[in-house]
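Down below is the structure, laid out as structure tokens.
Throughout, read-outs are computed from the coordinates displayed, never taken from laboratory work. Note that the structure is predicted; figures quoted are calculated from it, not measured. Note that we place each Cβ from the backbone using ideal geometry, even for glycine, and neighbour counts take in every protein chain shown.
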Amino acid sequence: MSGPLRLVDLTLPTPEENLALDEALLDEAEHGSGPSEVLRFWEPADLMVVIGRSSRPDREVDADACRRDGVPILRRTSGGATILTGPGCLMYALVLSYELRPALRAVDVAHHVVLDTMAAALRPLVPRVRCRGISDLALDDSKFSGNSVRCRKRHLLYHGTLLYRFPLALVERYLRMPPREPDYRGGRDHGSFLTNLPVDAAAIRRALRGAWQTGEPVADWPRDRTAELVAQRYARSEWNAGL
């Protein structure tokens, strides 16, 4: 491995910019001269619904409730099911290099490696942390983290949620039951299935920084590419609605 991961601890002003920055970091690594790895943290200032790249919002989201309450519905670049995020949900993103970590070319191995690393980092804080399903982290059988992946030629983007002080009752208000669910969910509704990790965001950040061996936070990030992606994709109804 070639040194620590770059650390980008940055929440941008709008939901669109925050989703775009994850993809821009992947683009930056992919088009660089050598392998590049990044860990990013961010936390939305307001509620937002984020659907997977191939998700159907009409099946997974209560759009009427979102419209009434002014909750935006946006689409991310990776797959997986729809999430509700906002204050109390720490978001993270990893850009990892296939050159440095060739085993990650197999997506099932990527899930295993990343989530095992995350779980091992968090267990000293909460010993009951477990990997569950394909891409979840849970406290025993209650999920606090959902994750998804986007693969490119030289790097992958692995990102997800870490619920720690989130108003879980709101998930039922804005999201329908998912079209697919892991066996361990057992048909439970959102309120019965989800939980918060009982630690604060600062402790989560410290644990994950140690696990991924990051350097100090950097000030440089791909501003121009982020703006391009917002204009071309994330601010466009055609992208978010899947038209």
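Measuring from label point to label point, each 7 Å out along Cα→Cβ, what is the A202 to V126 span in nm? The answer from the label model is 1.9 nm. Put in order of Cβ neighbour count within 10 Å, fewest first, the listed residues C66, C151 become C151, C66.
Among complete DSSP H helices in the chain, those whose alpha-carbon atoms stretch at least 20 Å along the helix's long axis and whose mean Kyte-Doolittle hydropathy reaches 0.0 are 107-122. Ranked for footprinting exposure by Cβ neighbours inside 10 Å, fewest first, K153, K143 give K153, K143. Extension gain, D220 to R188, is 7.2 nm, computed as 0.36 nm per intervening residue step minus the present C-alpha separation. Divided by 2.2 N^0.38 Å, where N counts the residues, the Cα radius of gyration of the chain comes to 0.95. The phi-based Karplus calculation (6.51 cos²θ - 1.76 cosθ + 1.60; θ = phi - 60°) puts the 3J(HN,Hα) values of the stretch 193-200 at 9, 9, 8, 9, 6, x, 9, 8 Hz, whole numbers, x for Gly and Pro.
Each part reduced to its alpha carbon centroid, the stretch 121-145 and the stretch 210-240 end up 27 Å apart.
Using Cβ point charges alone (K and R +1, D and E -1), the dipole size of the stretch 5-241 about the Cα centre works out to roughly 420 debye. Along the stretch 56-70 the Karplus relation, 6.51 cos²θ - 1.76 cosθ + 1.60 evaluated at θ = phi - 60°, assigns HN-Hα couplings of 9, x, 5, 8, 10, 10, 8, 4, 4, 5, 5, 5, 4, 9, x Hz to successive residues, with x for each Gly and Pro. From least to most packed, judged by other beta carbons within 10 angstrom and beginning with the fewest, C89, C131 follow the order C131, C89. Summarising the strand pairing of the chain, around 75 percent of its internal DSSP beta bridges are antiparallel. Entry note, the chain: relative contact order of 27 percent, from Cα contacts under 8 Å with a spacing of 6+ residues.
Between R59 and V113, full extension at 0.36 nm per residue minus the direct alpha carbon distance yields a gain of 16.3 nm.
Net length available on complete extension from A103 to A227 is 41.4 nm, with 0.36 nm assigned per residue and the Cα-Cα distance removed. Database remark: amide H of R132 closer than 5 angstrom to the amide H of L137, A138 (H placed geometrically; neighbours at sequence offset of 5 or more, or on other chains; Pro and chain starts carry no H).
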